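The values are calculated or read from the model by the stated rules, or taken from the named source; none is laboratory data. On a predicted model such as this, the values are computed, not experimentally measured, just so you know. Positions of Cβ are generated from backbone atoms using ideal geometry, with glycine treated the same way; all protein chains shown enter the neighbour counts. Note: areas computed on protein heavy atoms with side chains; ligands, DNA, RNA excluded. Shrake-Rupley method; radii C 1.70, N 1.55, O 1.52, S 1.80 Å.
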Amino acid sequence: MRASAPVEQVAITTMPPPLLACLLLLCLLATARPWSAAADAPRPAAKPRVFPLRARQVPAGSLPRPPSKLRFHHNVSLTVSLAVGTPPQNVTMVLDTGSELSWLLCAPSRQQGNASAASSFRPRASRTFAAVPCGSAQCSSRDLPAPPSCDGATRRCRVSLSYADGSASDGALATDVFAVGDAPPLRSAFGCMSSAYDSSPDGVATAGLLGMNRGALSFVSQASTRRFSYCISDRDDAGVLLLGHSDLPPFLPLNYTPLYQPALPLPYFDRVAYSVQLLGIRVGGKPLPIPASVLAPDHTGAGQTMVDSGTQFTFLLGDAYSALKAEFLKQTKPVLPALGDPNFAFQEAFDTCFRVPAGRPPPSARLPAVSLLFKGAEMLVAGDRLLYKVPGERRGGDGVWCLTFGNADMVPLTAYVIGHHRQMNLWVEYDLERGRVGLAPVKCDVASERLGLML
């Protein structure tokens, strides 16, 4: 997820329980055109292909991230397996609608910890791999947080990313072919990173990140994909991700909210993010007294609302978060004792926390639902998705559970961010042709089963 100002991300130190060890299916529709195709003539539909997409724990320090990635000690990421290069090499990549440049960890690299070369892409083994020269248009891109640079010795283009621990890493900007279903192989630019990969026995080795925002170097833009959608399950059930055009069935009635773009470029507004207009927040049906100006970007562009599959939880700017915290504590007082520790903040941003007897779940059915209101659509958060158990944190015989909304000012971050934990059992469609995002509550296991029979 890209934000307005550089923000470090701290590496994961403890693995959370397997919240999202769910198998998702990636059904690729054949209307996506080849990277170099310009014709708009209709093409015959090919049989959809199925790929594995999973919600997985990502180990400490494993992912170099753009500098705007949030500070996390725990993380669960959506991963997809693709084939890259000639002959094809299978790689596992994090699906991230908040990032632009895709990247792969390229071997040989300086391995550290429990890193495995098997998780790396081997450019020397691919006949179609090519480094991007300094004079190319791709090397002059200004969409990235850190613009590409030129290596004077090799005259090849270089890119830089920040590590999860805040240190810097760089690699070569390159191109190779990506095999995605029955569509012709797509030649796509990506970062071939030489930085070390730090894994752990409990983590999943990921070879890189698939950038899915609206920037010129994103996978979506290079593949000329104008629509994609997904549903994330909350348990070990199948969900679906559709890449390409699809007329969704009647049991998925989407409500659409327009993508927001200011008329003029603003210094702190990310123009390639999937930004929507947040109009209000309700707790237990009660509207929070938040001025409209607090929920809208200011004259600098700070304060936009981004939908981001690469971030786990959801973050609200300070004033909105304070209003949510006060009302949630008020409504939950009869059923949940507050933690009452002003010095505790999970992940340095989540400080609306409660004590729950060890070995027992919180009374989810009695908690007030939280609704995020957009122009034309609504996102309802209720039940098990409201609270998260802090691993290893105890107060006497009680465990500590925190509200899954964080204070962006404590990160710090200058935007509202809607993470993928908030998108569970919600069909989310990104429609770039019409400039909108569609939302529909649905049980993902049911949707995947019914769509599997239809596709």
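Some points to look at:
- For the range 315-455, fraction of C-alpha pairs farther apart than 19 Å, in %: 58
- Gap separating the Cα centres of the range 386-424 and the range 324-361, nearest whole Å: 10
- Placing a pseudo-label 7 Å from each Cα along the Cα-to-Cβ vector at Asn343 and Ala326 gives an inter-label distance of 2.7 nm.
- For GluC sites (Glu not before Pro), the sites in the range 352-455 that DSSP calls loop and that have at most 16 other Cβ atoms within 10 Å are Glu433.
- Most to least packed among 334-345, 271-282 [average Cβ atoms within 10 Å]: 271-282, 334-345
- With all protein chains in place and a 1.4 Å probe, the accessible surface of the range 322-440 carries 50 percent carbon and sulfur.
- Rg(Cα)/(2.2 N^0.38 Å) for the range 301-349, N = residue count: 1.40
- FRET E, pair Thr128, Arg271, Förster distance 25 Å, beta-carbon r, rounded to 0.05: 0.20
- Residue list for the range 340-384, given a label point 7 angstrom along the Cα-to-Cβ vector of Glu393 and an amide N cut-off under 15 Å: 340-358, 362
- Simple label model, 7 Å out from Cα along Cβ direction - Leu264 to Asp384, nm: 5.0
- Stretch gain in nm, segment Arg142-Asp298, where the contour uses 0.36 nm per residue and the Cα spacing is subtracted: 53.9 nm
- Segment Ala358-Val446, extension gain: residue separation times 0.36 nm, minus the distance between their alpha carbons: 28.4 nm
- Percent breakdown of C-alpha pair distances by 10 Å bin, ordered from the shortest bin, for the range 252-310: 20, 44, 30, 6
- With a threshold of 23 Å on the Cα-Cα distance, the over-threshold entries among Lys286/Lys389; Lys330/Lys443; Lys330/Lys375; Lys286/Lys375; Lys333/Lys443; Lys333/Lys375 are Lys286/Lys389; Lys330/Lys443; Lys330/Lys375; Lys333/Lys443; Lys333/Lys375.
- With K and R counted +1 and D and E -1, the other residues having a Cβ less than 14 Å from that of Glu393 yield a net charge of 0.
- Based on protein heavy atoms only, the range 249-311 ends up with 45 Å² per residue of surface accessible to a 1.4 Å probe.
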